[in-house]
1. Kindly establish whether I132 is surrounded by 14 or more Cβ atoms within 10 Å (Cβ to Cβ), at pLDDT below 95 and touching a helix residue (DSSP H, G or I) at 6+ places or on another chain (Cβ under 8 Å).
2. Given E127, E95, which one is out of contact with any helix residue (DSSP H, G or I) (no Cβ under 6 Å at 6 or more places or on another chain), over 28 Å from S43 (Cβ atoms), at pLDDT 95 or above and not aliphatic (A, V, I, L, M)?
3. Can you confirm whether D102 is surrounded by fewer than 14 Cβ atoms within 10 Å (Cβ to Cβ) and in contact (Cβ under 8 Å) with a residue 60 or more places away in the chain?
4. Regarding S94, is this residue hydroxyl-bearing (S, T, Y) and more than 12 Å from the ligand (Cβ to nearest atom)?
5. Which numbered condition trips up G39, out of (1) in contact (Cβ under 8 Å) with a residue 60 or more places away in the chain; (2) of a type outside the set (D, E); (3) surrounded by 15 or more Cβ atoms within 10 Å (Cβ to Cβ); (4) on the phi > 0 side of the Ramachandran plot?
6. Could you list, in sequence order, all residues of region 110-119 that are under 11 Å from the mean Cα position of the chain (by Cα) and within 8 Å of the ligand (Cβ to nearest atom)?
7. Could you please let me know if K93 is in contact with a Leu (Cβ under 8 Å, 6 or more places away or on another chain), among the basic types (K, R), assigned to a helix (DSSP H, G or I) and free of Cβ contacts under 8 Å to residues at least 12 places away in the same chain?
8. Scanning region 10-34 for residues that are surrounded by 19 or more Cβ atoms within 10 Å (Cβ to Cβ) and within 15 Å of the chain's Cα centre (by Cα), which turns out farthest from the ligand (Cβ to nearest atom)?
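The values are calculated or read from the model by the stated rules, or taken from the named source; none is laboratory data. Source: prediction; values computed, not measured. Glycine gets a Cβ as well: all are built from the backbone with ideal geometry, and neighbour counts include every protein chain shown.
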Amino acid sequence: MKKIEHIGIAVNNLEEANKTYKALLGAAHYKTENVESEGVATSFFKIGDSKIELLAATNAESPVAKFIAKRGEGIHHMAFAVDNIEAEIERLKSEGFVLLNDAPKKGADNKLIAFLHPKSSNGVLVELCQEIIPSHNFAEKKNL
Ligand code: CMX
């Protein structure tokens, strides 16, 4: 793991939460993105080297809709940057962690992502993210 890439926060209303986090951080979000496969609309804030991702559900089956229904708004996941997500998935499996994805999938912010079940990591949903570098052509090769 290289560093904490971002903290994900589940929110009811992305527009309202964008205003709240702009007031909190003193800077507006720098991008928004819909990730249809995950059922989320996201916005990203940057403060120094740190990023915060706000996540709102776009359908009732979204993991974020289920999370909010059960626990209310709040910290949803912690994401770690990795250089080689496939190697990291194998390493974590061999350490006994429960991976929610056997293979990486395409996530927001130009990343390949994979999740660990929160029961594996003391109640925290952990995301692995690897920056997609076009020359590696990984996403294309894997048809993501
Ligand atoms: N953080 C911590 N615990 C969580 C959690 C979260 N984000 N989401 C669920 N849980 C807990 C549940 O509360 C439940 O706890 P209890 O057994 O104590 O009640 C437990 O995990 C299992 O929950 P579940 O009902 O069996 O499973 P869910 O249907 O809620 O699914 C999870 C949970 C993590 C497997 C599912 O949300 C998932 O696959 N997440 C990965 C994908 C994702 O979150 N995508 C959205 C973000 C995408 C992005 O970042 O772009």
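1. In short, yes.
2. E95
3. Against the criterion (surrounded by fewer than 14 Cβ atoms within 10 Å (Cβ to Cβ) and in contact (Cβ under 8 Å) with a residue 60 or more places away in the chain), D102 does not qualify.
4. yes
5. So the condition that G39 fails would be (1).
6. Once the filter is applied, which keeps residues that are under 11 Å from the mean Cα position of the chain (by Cα) and within 8 Å of the ligand (Cβ to nearest atom), region 110-119 yields I113, F115.
7. So K93 passes the test.
8. Here the answer is V11.
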